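The values are calculated or read from the model by the stated rules, or taken from the named source; none is laboratory data. Note that the structure is a prediction, hence the values are computed from the model and not measured. Cβ placement follows ideal geometry from the backbone for every residue including glycine, while neighbour counts extend to all protein chains displayed. Heads up: the accessible areas ignore ligands, DNA and RNA and are worked out on the full protein's heavy atoms, side chains in. Shrake-Rupley method; radii C 1.70, N 1.55, O 1.52, S 1.80 Å.
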Amino acid sequence: MEPSDKYMFKHRGFYFVQDLATPENIDSLENFEMRDSDVFLVTFPKSGTIWTQNILSLIYHEGHRNGTEDIDLLDRVPWLEYNIRKVDYVNRPSPRLFASHLHYCLMPKELKNGRGKIIYVARNPKDVLVSYFHFSKVSQVLEDVEDFEVIMEKFLAGKVIGNLWLDHVEGWSAQKDNQNILFLMYEEMKKDLKGSVIKICNFLGKRLTEEEIDDVVDKASFGKMSVDRRANYTTMPSDLLDFSKGRFLRKGTIGDWKNTMTVAQNERFDSVFKKRIEKLPIKFCWDIN
Ligand code: A3P
C-alpha cells in the first residue's frame, strides 16, 4: 500500500476513500465473477451517478417505480469497490446492478472480455469540480477544503477521489467502439431525459410501456428525487454524510461553474485540460468555455 492521508489511501496509483475499501479488495475485483446480465454504471464522482442509479432502479424494479418497495439506491445499485452495506454480491439475484468510480484498467477481467453491460456517464469537468467542492462539505469521508482554488489545484493534479478526470474519461472512452458500453452525458440527460431513458432501455434490452417510461422520467426528475428518501441518499449512515452541511442533490444544473470560477481560474483550468479534452475520441455536448 502506498502512503495515505487521513481521507484517502493510494493503491496502484489510484486514490480510494479511507476505511471504505482495502487494497486487497481492490485487487480482488480483477477476478470478480461476472454474469452476462450484470449492469455496471461507471462515472467519475459527481457526474450524475445517483441520478443514473435511480433511473436503473426505476427501469428494473416495478416496486421502485410504483413506490411499493422502500429499498434505497445503495441496496439497489451498490458500489463495486465500496461495499458499504456489505451486500452479498455472489448470491444476489440477477440482474445485478452495480455502480463504480473505477478506472477502466481496474475493472474485472471478464468485463473487459465483454461480459455484462456498462453505462458510462460523463459530465463537464468544471461542473464536476464545483459539485465535488460542495460535496466535500457534506461528505464526512472527504477532506473539506474551504478554498475553491485549493480543491481546483488538487482536481487538476488528480489528487481527488476518481483521480485525474482526464485519465478516467480517456481510459473509458478508448472503449467507445465496444458494443457493451453506452456512453451518456449528464448534459444530454438534462436536455432530454426521456430520450436518455429510452436510450438506456434500448441498450439494456428492457421493454417498458410508454406509461412506464413516463413514470421513470417523472420519478428521476431533480424535484422528485430531492424528496424521495429512497433516491437521495438521506438513508446513508451519518458518519458518511452530514446533511446539516448541505444536500446530495444540490443544484442539478448545467454550467454552475460559471457562478463559482473566476476568469483566471477558468483560464488556468483550460490551460491544463483543454488540449487533452479536444483529443478525446468522444465529442462532448457541453461548451467547455
Ligand atoms: P450538483 O452538485 O451540481 O448539484 P454524483 O451522484 O455522481 O455524486 O453526482 C451528483 C450531482 O448530480 C449533483 O450535482 C446532483 O445535484 C446531480 N443530480 C443528482 N440527481 C439529479 C437529477 N435528478 N437531475 C439533475 N442532476 C442531478
Whole-percent carbon and sulfur contribution to the accessible surface of the stretch 153-267 (1.4 Å, no ligands, DNA or RNA) stands at 50
Applied in sequence order to the stretch 175-189, the curve 6.51 cos²θ - 1.76 cosθ + 1.60 (Karplus, θ = phi - 60°) yields integer Hz couplings, x standing for Gly and Pro, of 8, 4, 8, 6, 5, 8, 10, 10, 9, 10, 10, 3, 5, 6, 5
Listed by chain and number, the residues whose amide H is under 5 Å from that of residue 241, excluding neighbours fewer than 5 places away on the same chain and using placed H, are 140
Counting only residues 5 or more apart in sequence or on a different chain, those whose built amide H sits under 5 Å from that of residue 254 are none
Note to self: with every protein chain in place and a 1.4 Å probe, the chain gives an accessible area per residue in Å² of 45
Residue 64 neighbourhood, Cβ < 13 Å, K/R = +1, D/E = -1, net charge -3
About its Cα centre, the stretch 12-160 carries a charge dipole, from +1 on Lys and Arg Cβ atoms and -1 on Asp and Glu Cβ atoms, whose size in debye to the nearest 20 is 500
Simple spin-label estimate for residue 177/residue 209, 7 Å along Cα→Cβ, in nm, reads 4.2
Here the residues of the stretch 239-274 lying in the modelled label zone of residue 191, meaning backbone nitrogen under 20 Å from a point 7 Å along Cα-to-Cβ, are 252-259
Computed for the chain: size of charge dipole around the Cα centre, +1 on C-beta of each Lys and Arg, -1 on C-beta of each Asp and Glu, debye to nearest 20, value 480
The chain: relative contact order from alpha carbon pairs under 8 Å, six or more residues apart, as a whole percent, is 24
Excluding near-sequence neighbours (fewer than 8 apart on one chain), the stretch 64-149 holds lysine pairs with C-alpha atoms under 29 Å apart numbering 7
Residue 285 and residue 115 label points (each 7 Å along its Cα→Cβ direction) are spaced in nm at 3.3
For residue 232, the residues 5 or more places away or on another chain with a placed amide H closer than 5 Å to its own amide H are none
Measuring from its Cα centre, the stretch 2-93 shows a charge dipole (+1 at each Lys and Arg Cβ, -1 at each Asp and Glu Cβ) which, in debye to the nearest 20, is 280
The farthest towards the positive end of the charge dipole of the chain, of the residues 7, 114, 175, given +1 on Cβ of Lys and Arg and -1 on Cβ of Asp and Glu, is 175
Label model pair residue 251, residue 199: point-to-point distance (7 angstrom along the Cα→beta-carbon line) in nm is 2.3
From DSSP H assignment alone, runs of 4+ in the chain each adding -39500 (n - 2.57), the sum over residues rounded to the nearest 500 puts [θ] at 222 nm at -11000 deg cm²/dmol
The rounded separation in angstrom of the Cα centers of the stretch 86-121 and the stretch 178-211 is 18
For the stretch 29-145, whose charge dipole is built from +1 on Lys and Arg Cβ atoms and -1 on Asp and Glu Cβ atoms, the candidate among 125, 53, 37 with its Cα farthest towards the positive end is 125
From the cross-link list 6/258; 176/199; 224/283; 176/251; 46/206, the entries with a Cα-Cα span beyond 21 Å are 6/258; 224/283; 176/251; 46/206
